[in-house]
Every structure is written in structure tokens, then in C-alpha cells.
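Following: one structure in C-alpha cells, then a few remarks.
A short reminder: the numbers here are calculations on the coordinates, not readings from a lab. Just so it is clear, the model here is predicted, and its values are computed rather than measured. FYI the Cβ positions are ideal-geometry reconstructions off the backbone, even for glycines, and counts take in every protein chain you see.
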Amino acid sequence: MVAPAASHSRPDAADLLVWYDRHRRALPWRAEAGAVPDPYRVWLSEIMLQQTTVAAVKPYFARFLDRFPTIAALAAAPEEAVMSAWAGLGYYSRARNLHACAKAVVAAGGFPDTVEGLRKLPGIGAYTAGAIAAIAFDRREAAVDGNVERVISRLFAIETPLPAAKPEIRTLAESLVPARRPGDFAQAVMDLGATICTPKRPACALCPWMPPCRARAEGLQETFPRKLRKEPGLLRKGAAFVAVRAGDEAILLRTRPPEGLLGSMAEPPTSAWTPDYDPARGLLDAPLDARWKRLPGVVRHTFTHFPLELTVFLARVSAATVAPEGMRFTPRAELDGEPLPGAMKKVLAHALAPAAPVAPPQPAPPPDLATPPEPEPEPRRAPLPKVLSRRPASAAPIRKGGPRR
DNA sequence: AATCCGTGGCA
DNA sequence: TTGCCAAGGAT
């Protein structure tokens with residue numbers, strides 16, 4: 001239900017655009033005020049920004065434009081080059097879809113300029129189609145992302161928790177899009193959500209939409225949007241095998257299947273990852289016969305839906321060793337060219353670290369293969385019960401689903 | 001409809 | 001340390 005607030009005027013797009021003209025962020029993919037946007041840049045940035053922060057995207061965006069100056073260049077590039085350029089950004093299906101999309105757009109002679117056309121392209125869903133249509137082609141379309149959901153849910157004090165509230169939010173969002181400057185409006189709502197209407201401690205005093213905001217009127221702005229928290233996954237365990245070849249110091253790697261977790265990304269061979277994996281059986285899963293040494297400690301990594309612990313085994317093999325079927329030896333100097341996800345960089349850093357220093361602990365740098373972090377021992381903790389997040393203290397808890405198997 | 005997909009930053 | 005979150009999409 002909606003708060004029976006006093007006389008709230010309807011949010012006016014014009015008020016937001018006035019604010020935007022004064023406070024818009026300068027971003028590498030954003031055209032100058034009044035300039036014609038480049039669909040390639042708009043599209044590339046929108047894909048990268050899916051579930052990813054602006055700060056994380058900036059260096060990748062610059063690198064992509066450098067390596068793939070045009071969509072034609074991107075379409076013509078080998079998939080491996082695209083995956084490598086994407087390595088570290090996460091959600092790797094985005095990179096595969098990006099490449100496929102580039103080929104489709106080039107084959108078609110350019111981007112479609114409608115939501116319906118854009119929506120058919122790989123990697124482009126409802127949000128991205130709306131964003132590109134509005135920003136690049138000035139169509140009167142709404143781009144409903146997490147920012148917009150937060151802004152709208154506060155403006156109208158929507159009590160329905162996400163994701164159930166999505167249709168309601170979209171309808172309201174669409175009703176606010178102005179006939180003129182829909183692209184600026186889409187970016188304005190995102191800027192508002194990113195700088196003013198933030199998840200925590202929103203700066204309501206600076207908000208152009210404070211007067212019509214129902215949540216603010218009740219002082220409950222921080223409690224919206226209502227949301228169900230996802231249950232964390234079970235801890236999975238496994239073993240990773242780092243084979244170093246004498247002579248060129250090459251590392252044994254393989255490429256994961258194109259679908260699923262870390263699809264098309266590179267990794268040292270690993271066992272299956274299961275909750276009951278016993279590292280003591282490690283050698284049974286080794287990719288080749290060698291004098292494997294189990295390294296102390298484990299490598300921990302938390303994916304979106306489960307935490308992972310990998311026990312690392314290391315072996316030096318002779319210069320004559322041939323890579324097993326489906327695998328390859330990559331020289332250490334060429335590791336940067338491999339599409340290694342963060343978890344696997346941690347494994348290599350763990351394996352290639354110099355022997356632990358006798359006395360002083362050293363600071364933990366990011367997983368940089370040149371200056372690898374210390375191994376950390378200790379087992380891991382188990383998941384917690386599901387709960388509703390960000391409810392007002394007075395509200396009754398909401399449960400979702402049943403007990404875990 | 002609910003799950004599955006990464007990663008880094010930040011209280 | 002832990003949980004939360006950031007311009008979602010595909011199945």
C-alpha cells in the first residue's frame with residue numbers, strides 16, 4: 001500500500017532536467033551536452049555497467065576503445081582477444097554476448113534504433129534496450145535499472161518488495177518520461193540515484209524531487225526499496241593443480257566450457273567443486289602424473305551465489321612434458337594474455353608466491369601475479385538464514401521459500 | 001518465477 | 001569480518 005501522505009505533487013521531469021543540466025556527471029562514454037552520442041560507446045558502456053560500478057568500468061572502457069576502436073573492429077576480433085580484454089570485469093557471458101552482438105550489428109549495417117529491435121540482440125535486455133534507445137536515439141523510452149527502482153520506490157513509497165514490485169515500478173517510471181530530452185532524462189535519473197538518492201544516507205536536502213517524495217515525507221527514505229535478501233549458497237571445496245614446466249616456466253592451463261560458471265575463461269586444471277570435497281584425495285584428480293606438493297592454506301573466493309575454497313597443488317614438470325588433451329602450457333610472461341578470472345589469479349598467485357617469510361607478515365596486495373599475497377589458513381564459515389533486509393524495525397519479518405535441503 | 005552468472009569497494 | 005551493493009540478462 002502507499003503511504004497516505006499529504007498533498008504530494010507529481011514528480012516533474014522538468015525539475016529533474018534543470019538539476020541535471022547543472023550537476024550532470026562527466027563520464028567517458030557520455031557525449032558533451034547537446035552533442036550527438038555514439039551508439040557504439042553508449043552500447044559498450046551500458047553492457048559494461050550492468051551490475052558493475054562506474055569506477056570499475058572506466059579503465060576497461062578505455063582499454064576496449066583502444067583495442068577495438070569501432071564496432072567493426074570488435075566484430076572482427078577473435079573471441080579470445082575479447083575475453084582477455086574483459087578478464088576481471090566479471091559476468092563473462094556479457095563478453096561473449098558483446099562479441100556476438102557486434103557481429104550481428106555489423107552484419108545488419110548498424111544498430112537498430114528502437115527498443116523492439118535492440119531487445120533482440122544478445123546481451124540486451126529490457127533495461128539496456130531502453131537505455132540505448134533513449135540515450136543514443138532520443139526515443140521516449142524508460143531505462144529501468146537499480147537506480148530507477150530505488151528512486152521510484154521512494155518517490156511513491158512502494159511497499160511491495162522487490163523483485164515483485166518491478167512491473168509496478170516500470171509503469172510508474174514510464175509515466176514520468178518526458179516527450180522532450182528522454183535520453184537526458186534517463187541519464188538524469190541514474191545520476192540522481194548515484195549521487196543523491198543513494199542506497200544509504202540519501203542527500204534529500206539536495207534532491208530536486210524532494211517535494212513530491214512520499215518516502216521522504218515520512219522520513220523512511222532509507223527503508224526503500226523493500227527487498228528480499230537472497231540466501232547465501234553452501235561452501236564448496238575443491239583442488240587446483242598448478243604445473244610449472246622447467247625451462248620456460250610455463251603454466252598448465254585449460255579453457256572452461258563456453259556455458260555456465262566462468263564460461264570461456266581460462267584456469268589451471270581443478271577438481272570438481274563440491275561441499276564435501278576432501279583435499280586428501282587431491283592427487284586422484286591431478287591432470288598429469290607429477291610430484292605434486294600440497295601447499296599450505298587455501299584460496300578463498302566468493303561468487304555471487306556460493307563461497308569457494310580451493311586447495312592448491314603445485315608441481316614442477318620436465319621441459320619435455322606435453323600438455324594433456326585440451327590443455328596448454330602458457331609461459332609466465334604471457335599470462336596477461338590469458339582470460340583468467342579473479343579466482344584463478346588468486347590460485348596462481350598462491351602457487352607462485354615465494355616461500356613464506358620467516359618472521360614478518362606482509363600486506364595483502366590485490367591478486368597480482370608479480371607480487372602475490374600471503375596464503376591464509378583457517379576453514380570457512382557456513383551460510384546464514386534468509387531474512388528481509390532494510391525493513392523498518394516495527395515491520396514484521398517476511399520469509400521467502402522453505403527450509404534448505 | 002527463480003536461479004545462475006563476478007568482482008571490488010565500503011561501512 | 002561480514003553483508004550489501006553497483007547502469008541486468010538468459011534460461
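Some notes on this structure:
- Cα-based convex hull, region A:13-227, per residue volume (Å³, whole number): 118
- For region A:67-82, 3J(HN,Hα) per residue [Karplus equation, 6.51 cos²θ - 1.76 cosθ + 1.60, θ = phi - 60°, Hz, x = Gly/Pro]: 7, 10, x, 10, 5, 5, 5, 5, 5, 7, 6, x, 4, 4, 5, 5
- Cα pair distances in chain A, grouped into 10 Å bins until the bin that holds the longest one, percent each: 4, 18, 24, 23, 19, 9, 2, 0, 0
- In this simple spin-label model, placing a label point 7 Å from the Cα along the Cα-to-Cβ direction at both A:Leu27 and A:Glu231 gives a separation of 3.5 nm.
- Each of A:Arg150, A:Arg10, A:Arg226 was scored by other Cβ atoms within 10 Å of its Cβ. Arranged with the fewest first, they read A:Arg10, A:Arg226, A:Arg150.
- Among residues other than A:Ala35 with Cβ under 15 Å from its Cβ, the summed charge is -1 (Lys and Arg +1, Asp and Glu -1).
- Beta bridges by DSSP in region A:236-352, antiparallel share as percent, to the nearest 5: 60
- In terms of other Cβ atoms within 10 Å, A:Phe303, A:Phe241 run from fewest to most in the order A:Phe303, A:Phe241.
- Overall form of region A:236-352 per C-alpha gyration tensor (a/c, 1.5; a/b vs b/c): oblate
- Rounded to whole Hz, the Karplus (6.51, -1.76, 1.60) HN-Hα couplings of region A:321-331, x for glycine and proline: 4, 9, 5, x, 3, x, 10, 8, 9, 10, x
- A:Val36-A:Asn97 FRET efficiency (beta carbon distance; Förster radius 25 Å; 0.05 resolution): 0.45
- Pairs exceeding 20 Å between alpha-carbon atoms, taken from A:Lys237/A:Lys346; A:Lys200/A:Lys227; A:Lys293/A:Lys346; A:Lys103/A:Lys166: A:Lys103/A:Lys166.
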